[in-house]
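The structure under discussion appears below in the form of structure tokens.
The values are calculated or read from the model by the stated rules, or taken from the named source; none is laboratory data. What you are looking at is a predicted structure, and each value in this text was computed from that prediction instead of being measured. FYI the Cβ positions are ideal-geometry reconstructions off the backbone, even for glycines, and counts take in every protein chain you see. Heads up: the accessible areas ignore ligands, DNA and RNA and are worked out on the full protein's heavy atoms, side chains in. Shrake-Rupley method; radii C 1.70, N 1.55, O 1.52, S 1.80 Å.
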Amino acid sequence: MNVHHPGERAPWLIDVTRELDRQREAYGDRSALPDGTGQDTFREMAEQAGQVRRSKAEQGSLAWRHILSEGVFTAFAESDPAKLRGYLVEVAAAAVAWMEALDCR
């Protein structure tokens with residue numbers, strides 16, 4: 001198991017920070033890009049992803065992709081910036097949990 005100690009940076013944090021730096025170098029400032037969220041299609045996709053996640057959980061065959069895809073489509077469906085940010089935090093947390101699970105294997 002990959003365990004980090006208090007005061008140390010978690011391996012995923014180092015990896016994500018490096019990737020953020022790489023993206024900033026490659027693409028520059030993207031803070032003015034539109035969100036492109038809030039369409040009905042994404043709401044439908046979020047509902048479907050939620051149904052799949054619940055079904056897979058009931059069947060005992062839940063996978064990380066089910067959890068993450070529901071969160072991503074839920075974020076894509078949201079047009080309110082404050083709510084969108086909250087959903088993106090949830091997506092980031094799910095991605096981190098998945099990375100930690102991979103690191104434990």
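Of all residues in the range 41-51, those being closer than 17 Å to A94 by Cβ and open to solvent by 60 Å² or more (accessible area, probe 1.4 Å) number 1.
Does G38 qualify as being in contact (Cβ under 8 Å) with a residue 40 or more places away in the chain, over 22 Å from A10 (Cβ atoms) and surrounded by 13 or more Cβ atoms within 10 Å (Cβ to Cβ)? Explain how you work it out, then say what you get.
Numbers: in contact (Cβ under 8 Å) with a residue 40 or more places away in the chain: yes; over 22 Å from A10 (Cβ atoms): yes; surrounded by 13 or more Cβ atoms within 10 Å (Cβ to Cβ): yes.
So G38 passes the test.
Every test in (1) at pLDDT 95 or above; (2) surrounded by 13 or more Cβ atoms within 10 Å (Cβ to Cβ); (3) not hydrophobic (A, V, I, L, M, F, W, C) is passed by Q59 save one, and that test is (2). Kindly indicate which of G60, G38, G50 is of a type outside the set (A, V, I, L, M, F, W, C), within 25 Å of A101 (Cα to Cα) and touching a Phe, Trp or Tyr at 6+ places or on another chain (Cβ under 9 Å). Answer to the selection: G50.
Conditions (1) surrounded by 15 or more Cβ atoms within 10 Å (Cβ to Cβ); (2) in a helix (DSSP H, G or I), marked per residue:
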{"site": "E70", "(1), (2)": "yes, yes"}
{"site": "F76", "(1), (2)": "yes, yes"}
{"site": "S79", "(1), (2)": "no, no"}
{"site": "R85", "(1), (2)": "no, yes"}
{"site": "L88", "(1), (2)": "yes, yes"}
{"site": "V96", "(1), (2)": "no, yes"}
{"site": "M99", "(1), (2)": "yes, yes"}
